[in-house]
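The values are calculated or read from the model by the stated rules, or taken from the named source; none is laboratory data. From a predicted model like this one, the values you see are computed outputs, not experimental measurements. When we count neighbours, we look across all protein chains shown, and the Cβ atoms used for this are built from the backbone with ideal geometry, even at glycine. The area values use the complete protein model at the heavy-atom level, side chains included, leaving out ligands, DNA and RNA. Shrake-Rupley method; radii C 1.70, N 1.55, O 1.52, S 1.80 Å.
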Amino acid sequence: QVQLMESGGGLVQAGGSLRLSCGASGTPFRIKSFGWYRQAPGKQRELVATLSDGVRTDYADSVKGRFTIARDNAKNTQYLQMNSLKPEDTAVYYCNLVTAFNDYWGQGTQVTVSS
């Protein structure tokens, strides 16, 4: 059974940077895609970034040019580098891993950007 665990969240001033990490316990087979989603208070969970089939990246318009998704397969870890953070980026961030067999989610990590 694969379990995901995020880390790297916290409080940062506007304009600052954070890097979120998501480590996977167990060995996920036949990965189709991985990604990051976020949910702000009173809002629905939304896509932030995904990487599919090892090559195709998709970003929410609101984070394009500021966030970068990546994965280190040797470490079984995915990352979200977040630069030029804005107060509207404040949310709980969740990592997601989709394989041919299952869809996994982390427990979430809080990111708070102060103005």
Among residues of region 56-73, those that are surrounded by fewer than 12 Cβ atoms within 10 Å (Cβ to Cβ) and of a type in the set (D, E, K, R), counted: 4
Residue match in region 13-22 (condition: charged (D, E, K, R), in a strand (DSSP E or B) and open to solvent by 50 Å² or more (accessible area, probe 1.4 Å)): yes
Subset of region 41-57 [over 16 Å from TYR93 (Cβ atoms) and either touching a helix residue (DSSP H, G or I) at 6+ places or on another chain (Cβ under 8 Å) or assigned to a strand (DSSP E or B) (or both)]: SER52, ARG56, THR57
Of residues in region 42-55 being surrounded by 14 or more Cβ atoms within 10 Å (Cβ to Cβ) and of a type in the set (A, V, I, L, M, F, W, C), the one farthest from SER21 (Cα to Cα): LEU47
Hits in region 80-107 (condition: open to solvent by less than 40 Å² (accessible area, probe 1.4 Å) and under 9 Å from the mean Cα position of the chain (by Cα)): LEU80, TYR93, TYR94, CYS95, ASN96
In region 23-41, the residues that are open to solvent by 30 Å² or more (accessible area, probe 1.4 Å) and closer than 12 Å to ASP103 by Cα: PHE29, ARG30, ILE31, LYS32
Test result for THR77, polar (S, T, N, Q), within 12 Å of the chain's Cα centre (by Cα), surrounded by 14 or more Cβ atoms within 10 Å (Cβ to Cβ) and at pLDDT below 95: yes
